[in-house]
Amino acid sequence: MIIIEGCAVATVDADSTEYRDGHVVVDQGRIVAVGPGHAGRHHRPVRRVDGTGCLVTPGLVNTHHHLYQWATRGLAQEEELFGWLRALYPVWAGLDADVVAATTAAGLGWLARSGCTTSTDHLYVHPRGAGDLMAAQVAAAAEIGLRFHPTRGSMDLGRSAGGLPPDEIVEETEAALAATEEAIDRFHDPADNAMLRIAVAPCSPFSVSPKLMTEAAALARRRGVRLHTHLAETIDEEHYCRETYGCTPVEYAERLGWLGDDVWLAHAVHLDDRAVARLAATGTSVAHCPSSNARLGAGTARVRDLLDAGVPVGLGVDGPASQETNQLDAELRQALYAARLRGGPAALTARQALALGTIGGARCLGRAGEIGSIEPGKLADLALWRLDGLGHTGIEDPVAALVLGPPAPLELLLVGGAPVVERGELRTADERDLVRRTRRAHRTLIRKARA
């Protein structure tokens, strides 16, 4: 049993319940109580955490990532998406299981340091002879201890067939589908306290054939897992879809059966009113990636309009090669700023930004009944933020201090009640070892690209 008390509490429940001085009680990996004041006496062994000067929130949920890119940060710095991809595809062609293991561990460790307790990943580059990349990811995630939703990504539309990626890094359609089903067989856990779930994730309209998109959707629904892809990220993609398929990206997705309450889409920046309405009507979710969209100059998503229409929206850090900071707590602020640049100072509040990063992300991943808010019965995925230092002094509202203030030191991060970060330090892995492994992965990829 763990009791966190003496802290502010932002539950992010349906009533947005908050306590200026409250407690949370954890037992057997789940939240068993939350409320004002102290938790009272317990006649059994208890770890009591003094939360004085802190705010406890649900653990943050990252809904879009490409962890393998951790070894290719800082490249193609002035490119828009298509040029950035053309520059980096040849580097990613050198991926192997060792590189994927190192970058997964490093990326998830860094995410944990930013308050993230659940992360997805979109690994869509599977070079021939690269080894068992999914197994490498799964093992690395278990090492760090975050709840993990890797997706089996794929590309089958190479340059010779009118796609963007070079032919040497795309898969045959049937091979990609078979590998996707194998990943579900080996790794997917449907239990309500699962640490590992698999989703199906063909990459994008300009790198995946209509056949693969259609059959991947059918596979996912037959196996009862979720669907993920990039959509409507840039104007170039809009032009590509209109020229190639005679419709907008959202119309194309709907044509192929890719709208529904089991689908979450990355980016969704360039949407007209009809597209927003269709996402809402079908229950399709959106992973909003404000920093990556800004880094690549892709545009600003219509988050306020999506929320007003009833579309579930979560936050994603996106890949480290298009968003080198990769801190999920920073995306709370970036989402707020991006929304206000588009719609004015009332477009998104600090509490709405926190909801995007918690319960919004849980909805994207189909886990709103298990994570994303602090409520009895839910999994004990919690972040305790220290707000009594110089950087936050004078901000009376703790949620505003977290979202609008400088990065808050992370006092404690629990995943299923197990400590992953304490006093700002990763407890599940040696960060120096993660640095060494990532440097080696970077050197490997650059050497292969230059060969």
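The values are calculated or read from the model by the stated rules, or taken from the named source; none is laboratory data. Since the model is a prediction, treat every value here as computed from it, not as a measurement. We place every Cβ from the backbone using ideal geometry, glycine too, and count neighbours over all the protein chains shown. Note: areas computed on protein heavy atoms with side chains; ligands, DNA, RNA excluded. Shrake-Rupley method; radii C 1.70, N 1.55, O 1.52, S 1.80 Å.
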Might you let me know whether the stretch 419-429 holds any residue that is open to solvent by 50 Å² or more (accessible area, probe 1.4 Å), farther than 19 Å from residue 143 by Cα and either of a type in the set (Asp, Glu) or at pLDDT 95 or above (or both)?
-> yes
Considering only residues of the stretch 63-80 that are farther than 29 Å from residue 358 by Cβ and among the polar types (S, T, N, Q), which is surrounded by the fewest Cβ atoms within 10 Å (Cβ to Cβ)?
-> 77
Looking across the stretch 213-260 at residues that are without any contact (Cβ under 8 Å) to a residue 24 or more places away in the chain and assigned to a loop (DSSP other than H, G, I, E, B), the single one that is surrounded by the fewest Cβ atoms within 10 Å (Cβ to Cβ) is 246
Any residue at all in the stretch 164-176 that is out of contact with any helix residue (DSSP H, G or I) (no Cβ under 9 Å at 6 or more places or on another chain), in a loop (DSSP other than H, G, I, E, B) and in contact (Cβ under 8 Å) with a residue 24 or more places away in the chain?
-> no
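How many of the residues making up the stretch 226-262 are closer than 16 Å to residue 293 by Cα and in contact with a strand residue (DSSP E or B) (Cβ under 7 Å, 6 or more places away or on another chain)?
The number of residues fulfilling the criteria is 5.
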When the stretch 127-166 is checked residue by residue, the ones that are surrounded by 18 or more Cβ atoms within 10 Å (Cβ to Cβ) and among the charged types (D, E, K, R) are 147, 152, 156
A careful count of residues in the stretch 105-154 that are of a type in the set (Asp, Glu) and touching a residue at least 60 places away in the same chain (Cβ under 8 Å) gives 1
Count of the stretch 331-359 residues which are touching a residue at least 60 places away in the same chain (Cβ under 8 Å) and open to solvent by 20 Å² or more (accessible area, probe 1.4 Å) = 3
Just to be sure, is residue 57 over 18 Å from residue 441 (Cβ atoms), under 15 Å from the mean Cα position of the chain (by Cα) and of a type outside the set (Lys, Arg)?
-> no
